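For reference, the structure discussed in these notes is given below.
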């Protein structure tokens, strides 16, 4: 029962949520986005970095080229991956969200024990 409580608490501590994603507006600064999402860009999930990075882009998208990554910062949570593009003044130009794959309770417990 205690393990379930720990998993539940850890599942909801991230600021990378749909409601926070909706709060990000064009023209916000990097610092403002970091405040909304709970920290600097990075992997806040229990997915290993290599695996987490796979969920932040759609490899079949037609605009996937070198320019796609310019000014792009990514926050990866257990439920969502949020990508935000900033202009030269470090202000939001656009944003995207991708759903992370679901992990069942046993996978989440294993992640907690192994990390």
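The values are calculated or read from the model by the stated rules, or taken from the named source; none is laboratory data. Only a predicted model underlies this, so the values are computations on that prediction, with no experimental measurement involved. Positions of Cβ are generated from backbone atoms using ideal geometry, with glycine treated the same way; all protein chains shown enter the neighbour counts.
Odds and ends about this structure:
- Failed item in (1) part of a loop (DSSP other than H, G, I, E, B); (2) modelled with pLDDT of 85 or more, with residue 14 passing the rest: (2)
- Criterion violated by residue 9 - all others in (1) surrounded by fewer than 17 Cβ atoms within 10 Å (Cβ to Cβ); (2) modelled with pLDDT of 95 or more; (3) out of contact with any strand residue (DSSP E or B) (no Cβ under 6 Å at 6 or more places or on another chain) satisfied: (2)
- Scanning region 27-37 for residues that are in contact with a strand residue (DSSP E or B) (Cβ under 8 Å, 6 or more places away or on another chain) and more than 11 Å from residue 82 (Cβ to Cβ) gives 27, 28, 29, 30.
- Residue selected from region 62-77 under the condition within 27 Å of residue 48 (Cβ to Cβ) and in a helix (DSSP H, G or I), by the criterion modelled with the highest pLDDT: 69
- Residue count for region 78-106, restricted to those that are modelled with pLDDT under 90 and in a loop (DSSP other than H, G, I, E, B): 7.
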